[in-house]
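Note sheet for the following structure.
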There are 2 protein chains.
Amino acid sequence: MYIILVYDIGEKRVSKMLRLCRKYLNWIQNSVFEGEITEVKLKELKIAANKIMKAEEDSLIIFRSREEKWLKKEIIGIEKNEIDNFL
Amino acid sequence: MYIILVYDIGEKRVSKMLRLCRKYLNWIQNSVFEGEITEVKLKELKIAANKIMKAEEDSLIIFRSREEKWLKKEIIGIEKNEIDNFL
């Protein structure tokens, strides 16, 4: 399964969430991640994310596609994850 | 065609970009939009976005799926766009 994950989360919790998501997915922009993931790993990720998040303030959206090829990605401007690799 | 659009853009240009994207898509979180769009309208949106963006600083990612049903969306935490509708 291929997913896109985006979060909107309080500043105090951002770095924890970033670290968590990087363990499972590829960071592509700001608070956006993508990658192949199994059902089991996604469950793990969601449980861990729930522990970090404040349910009444934070938001996490997951888009699932059965296969990556069903999603075509286009990047306009700079590729932030390439910059990130240099840091 | 169904798209997910995410941007990471300099603060000075954010409000312009937000206004532009809202004209074509549904705002779902922070800098994330989704919706059905035609090829022609997407081209229009990209041309307008390019005028707002600084190519060396800003980034815009578009994920396209031929049909919405191929993407399953799950929201954890709050639905920011519902809050937005009340504002």
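Only the coordinates and a few stated rules stand behind these numbers; no lab work does. All values reported here derive from a predicted model rather than from experimental measurement. Glycine also receives a Cβ, built like all others from the backbone with ideal geometry; neighbour counts cover every protein chain displayed.
Between copies, B:W70 shows label-point distances of 0.7 nm, shortest first, with the point placed 7 angstrom from Cα along Cα to C-beta.
Treating only the Cβ atoms of Lys and Arg (+1) and Asp and Glu (-1) as charged, compute the dipole magnitude of segment B:1-76 about its Cα centre; round to the nearest 20 debye. Each step should come with its number before you reach the end.
Details: 16 positive and 12 negative charges, 55 e Å.
Using only the charged Cβ atoms, the result is roughly 260 debye.
Result for chain A in a Gaussian network model with C-alpha springs under 10 Å: among A:V40, A:V14, A:V32, the largest mean-square fluctuation is at A:V40.
Taking chain A as a Gaussian network of alpha-carbon nodes connected by springs under 10 Å, the highest mean-square fluctuation of the residues A:K43, A:K73, A:K23 belongs to A:K73. Label sites at B:W70 and B:T38, each approximated as a point 7 angstrom past Cα along Cα to Cβ, lie 2.1 nm apart. In this label model, B:M1 and B:I47 are separated by 1.5 nm, measuring between points 7 Å along each Cα→Cβ vector. Just to verify a number: FRET efficiency for A:A55 and A:R19, C-beta to C-beta distance, R0 = 22 Å, to 0.05? FRET efficiency, A:A55 to A:R19: 0.65. In the structure shown, the pairs A:K46/B:K54; A:K12/A:K73; A:K73/B:K41; A:K73/B:K69; A:K43/B:K72; A:K51/B:K72 are assessed against 27 Å; a Cα-Cα span above that value is assigned to A:K46/B:K54; A:K12/A:K73.
Across chain A, C-alpha contacts under 8 Å between residues 6 or more apart give a mean separation that, scaled by the residue count, equals a relative contact order of 43 percent.
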